[in-house]
1. Go through the range 75-107 and report how many residues are of a type in the set (F, W, Y) and more than 30 Å from M1 (Cα to Cα).
2. Can you tell me which residue in the range 109-124 is modelled with the lowest pLDDT, limited to those that are assigned to a loop (DSSP other than H, G, I, E, B) and out of contact with any strand residue (DSSP E or B) (no Cβ under 8 Å at 6 or more places or on another chain)?
3. What's the total number of residues in the range 129-144 that are in a loop (DSSP other than H, G, I, E, B), among the hydrophobic types (A, V, I, L, M, F, W, C) and at pLDDT 95 or above?
4. Please find, among L74, L114, L81, L118, the residue that is within 22 Å of L8 (Cβ to Cβ), in contact with a Ser or Thr (Cβ under 7 Å, 6 or more places away or on another chain) and among the aliphatic types (A, V, I, L, M).
5. Step by step: first the residues of the range 49-64, then only those that are touching a residue at least 60 places away in the same chain (Cβ under 8 Å) and surrounded by fewer than 17 Cβ atoms within 10 Å (Cβ to Cβ), then the one that is nearest to F120 (Cα to Cα). Which residue is that?
6. Looking at the range 108-129, can you tell me whether even one residue there is touching a Pro at 6+ places or on another chain (Cβ under 9 Å), surrounded by 18 or more Cβ atoms within 10 Å (Cβ to Cβ), within 22 Å of F5 (Cβ to Cβ) and not hydroxyl-bearing (S, T, Y)?
7. If you scan the range 9-40, which residues turn out to be more than 15 Å from T77 (Cα to Cα) and assigned to a helix (DSSP H, G or I)?
Amino acid sequence: MEKVFDNLIEEVLALGATRATIIDTDMISFSENVRKLCEQNSCGCYNRNWMCPPTVGPVAELQKRFAGYKRGLLFQTVHQLEDSFDWEGMQEGKAEHTRIFRQMVEGMEKNPALKEILPFNAGACTYCPQCSILDGEKCRFPAKAVASIESNGIDVMALVKAAGIPYNNGKNTVSYVSLILV
């Protein structure tokens, strides 16, 4: 299995990730305080996306899904910005990160050595251009919808620190992190 994990790291780096590692799930710390940050709605997705709070469910319930997983692929992308207010650059970086994430998920789903995966991306699910929650409809693609790490109450700063990955990557950069449990 170690060779499979080494290959996952090689694959995600080849796709353009800046850093990647395999973590043990006991490194993941959950916090209601992280989830409460979602309630402040600084990203604008609270109650506007099926994979965001409150519709994604309570942290205690979400945490139960982690029980069957022992390890995960944690990766980060770092994107250069023109300045700290470069919103367009941040969105381009998020789109590039999500492209890498989606390619990894697709490849991992097809990998016979991996029985089951549980993916978490950076930020709200963007599989659809507009989430069906805004139209009062059920999720159109529940098999493709993905929640963020934070919406599950995971402390991303603590997780990357425990994994030896820097959270802050310098002036005029933005970093995104994804986690795919196996």
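1. Going through the range 75-107, the residues of a type in the set (F, W, Y) turn out to be 75, 85, 87, 101.
In the following step, the residues that additionally are more than 30 Å from M1 (Cα to Cα) were identified as 85, 87.
Qualifying residue count for the region: 2.
2. From the range 109-124, those assigned to a loop (DSSP other than H, G, I, E, B) are 111-117, 122-124; that's our starting set.
Next, from what is left, pick out any that are out of contact with any strand residue (DSSP E or B) (no Cβ under 8 Å at 6 or more places or on another chain): 111-116.
Working: N111: 94, P112: 91, A113: 91, L114: 92, K115: 84, E116: 91.
Step by step, filter the range 109-124, then rank; the result is K115.
3. Of the range 129-144, the ones in a loop (DSSP other than H, G, I, E, B) are 129-131, 136-144.
Keeping just the survivors that are among the hydrophobic types (A, V, I, L, M, F, W, C) gives 131, 139, 141, 143.
Filter once more, keeping what is at pLDDT 95 or above: 131, 139, 141.
Residues in the range 129-144 being in a loop (DSSP other than H, G, I, E, B), among the hydrophobic types (A, V, I, L, M, F, W, C) and at pLDDT 95 or above: 3 in total.
4. Working: L114 fails: in contact with a Ser or Thr (Cβ under 7 Å, 6 or more places away or on another chain); L81 fails: within 22 Å of L8 (Cβ to Cβ); L118 fails: in contact with a Ser or Thr (Cβ under 7 Å, 6 or more places away or on another chain).
When all the criteria are applied, what remains is L74.
5. To start, the set of residues in the range 49-64 that are touching a residue at least 60 places away in the same chain (Cβ under 8 Å) comprises 49-53, 55-56, 59, 62-63.
Filter once more, keeping what is surrounded by fewer than 17 Cβ atoms within 10 Å (Cβ to Cβ): 55, 63.
Working: T55: 16, Q63: 13 Å.
So the residue we want is Q63.
6. yes
7. Of the residues in the range 9-40, the ones more than 15 Å from T77 (Cα to Cα) are 22-40.
T25, D26, M27, E32, N33, V34, R35, K36, L37, C38, E39, listed by residue number.
The values are calculated or read from the model by the stated rules, or taken from the named source; none is laboratory data. What you see is a predicted model, and the numbers here were worked out from it, not measured in a lab. Don't worry about glycine lacking a Cβ; one is built from the backbone with ideal geometry, like all the others, and counts go over all protein chains shown.
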